[in-house]
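Before any comments, here is the structure.
Just so it is clear, none of the values below were taken in a lab; they were calculated from the coordinates. Note that the structure is predicted; figures quoted are calculated from it, not measured.
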């Protein structure tokens, strides 16, 4: 059965996260001042790993930028603005 799930993230440059194999990335949001990746997927499906990169506005971008697919922009409680990407070739 498909379900909308919020998966905890850490505000770091690059991190791997496990999602349902058929997951559709909906957005990155902030819940109780913590970023979460909101996905729609079958919770009983085979799982897959994906890499999420978060880049702050005006930050220097380390590493490769090709293969970054934009998810959305979000703002933390302290006012910092971040941009979330799925890194397909990181």
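Values for this structure:
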| read-out | value |
| --- | --- |
| Contour minus Cα-Cα distance for residue 2 and residue 76 (0.36 nm per residue) | 23.8 nm |
| Structure-derived Rg/Rh (Cα atoms, Kirkwood Rh) - corresponding label in (i) 1.02; (ii) 0.94; (iii) 0.97 | (iii) |
| Segment residue 46-residue 22, length gained on full extension (0.36 nm per residue, minus Cα span) | 7.8 nm |
| Extension gain, residue 10 back to residue 65 (0.36 nm per residue minus Cα-Cα distance, nm) | 17.8 nm |
